[in-house]
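Encoded as structure tokens, the structure appears first; notes follow it.
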């Protein structure tokens with residue numbers, strides 16, 4: 001007779017636990033090459049920079065609508081009770097026998113002759129350096145790079161001493177001649193012409209019997225239009241906003257540019273018996289930047305493509 005032990009008793013069966021499977025993750029969107037990724041940090045930083053740039057412009061526009069008394073009694077970023085924009089503009093052009101109009105014409109003269117001449121020289125020099133080989137080309141490149149690195153204020157005093165020896169101080173030539181030299185514009189046109197003008201196109205024009213002058217004007221110059229406009233805008237802004245060079249070169253108020261003339265109006269309140277015309281200074285500053293804004297908006301497509309010149313190499 002056999003006896004069953006405790007170990008032979010049937011054990012309770014338990015249902016097997018299901019194996020936990022990982023949840024499938026949502027598929028990520030494939031990044032397309034032409035679609036930039038969104039960045040919250042970059043968006044915030046861009047907004048801060050945009051706000052930093054627009055707040056002074058907003059203050060300038062609002063302040064130009066106030067009278068001299070309204071500037072003192074009202075909040076800077078809000079309008080005053082009296083809207084005096086048109087009166088301020090009229091008074092700006094008639095104050096001191098209309099000297100503001102004279103300063104505006106002087107600035108236009110310096111920009112047309114100085115910035116226009118600097119652009120022409122930069123285009124000619126950049127094209128020659130990019131498409132022709134000659135002895136000393138590396139030395140010229142080193143000089144151009146060194147000139148770009150030197151700030152213009154460091155050259156102001158030597159320039160004044162040289163022009164005083166020539167007897168050209170207190171004349172328009174003291175502003176125009178230094179404005180004709182733009183090392184950055186020359187370097188930019190050098191880089192742009194290297195990438196924008198195919199050597200094969202120039203060789204085809206020469207084979208067809210075109211002279212070097214005709215090749216430049218009919219073949220190269222149309223291709224250099226974006227870089228030319230970019231250099232023209234840079235030199236125009238630099239000449240239009242030039243302050244330190246006219247400050248040391250000019251004494252006659254009849255030859256002042258807008259920057260120096262508005263500074264003289266701003267400082268006359270601190271002189272004995274001087275009249276405070278801060279409303280005219282603000283209105284004149286607003287009128288001063290309007291042509292620059294219009295130039296950038298009208299030529300936007302050209303200077304944007306010029307800035308990207310040489311960034312991609314095929």
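The values are calculated or read from the model by the stated rules, or taken from the named source; none is laboratory data. Just so you know, these numbers come straight off a predicted model, no measurement behind them. Backbone-built Cβ (ideal geometry, glycine too); neighbour counts: all protein chains shown.
Some values worked out for this structure:
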| item | result |
| --- | --- |
| Qualifying residue in region 99-109 (condition: farther than 23 Å from residue 236 by Cα and at pLDDT 90 or above) | no |
| Region 283-303, subset surrounded by 13 or more Cβ atoms within 10 Å (Cβ to Cβ) and more than 25 Å from residue 262 (Cβ to Cβ), residue modelled with the highest pLDDT | 299 |
| Condition check for residue 277: on the phi < 0 side of the Ramachandran plot, at pLDDT 80 or above and surrounded by 12 or more Cβ atoms within 10 Å (Cβ to Cβ) | yes |
| Residues of region 157-176 satisfying the condition of being more than 22 Å from the chain's Cα centre (by Cα) and touching a residue at least 24 places away in the same chain (Cβ under 8 Å) | 157, 159, 160, 163, 169, 170, 171, 172, 174 |
| 2 or more residues farther than 30 Å from residue 217 by Cα and touching a helix residue (DSSP H, G or I) at 6+ places or on another chain (Cβ under 8 Å): qualifying helices (runs of 4 or more DSSP H) within region 38-134 | 40-63, 68-73, 85-94, 99-109 |
| Region 72-94: number of residues that are in contact (Cβ under 8 Å) with a residue 24 or more places away in the chain and farther than 15 Å from residue 285 by Cα | 1 |
| Verdict on residue 191 being under 19 Å from residue 233 (Cβ atoms) and surrounded by fewer than 20 Cβ atoms within 10 Å (Cβ to Cβ) | yes |
| Residue that is surrounded by the fewest Cβ atoms within 10 Å (Cβ to Cβ), among those in region 136-156 that are in a loop (DSSP other than H, G, I, E, B) and under 20 Å from the mean Cα position of the chain (by Cα) | 151 |
| Spans of helices (runs of 4 or more DSSP H) in region 219-280 with at least 1 residues farther than 27 Å from residue 171 by Cα and in contact with a helix residue (DSSP H, G or I) (Cβ under 6 Å, 6 or more places away or on another chain) | 225-240 |
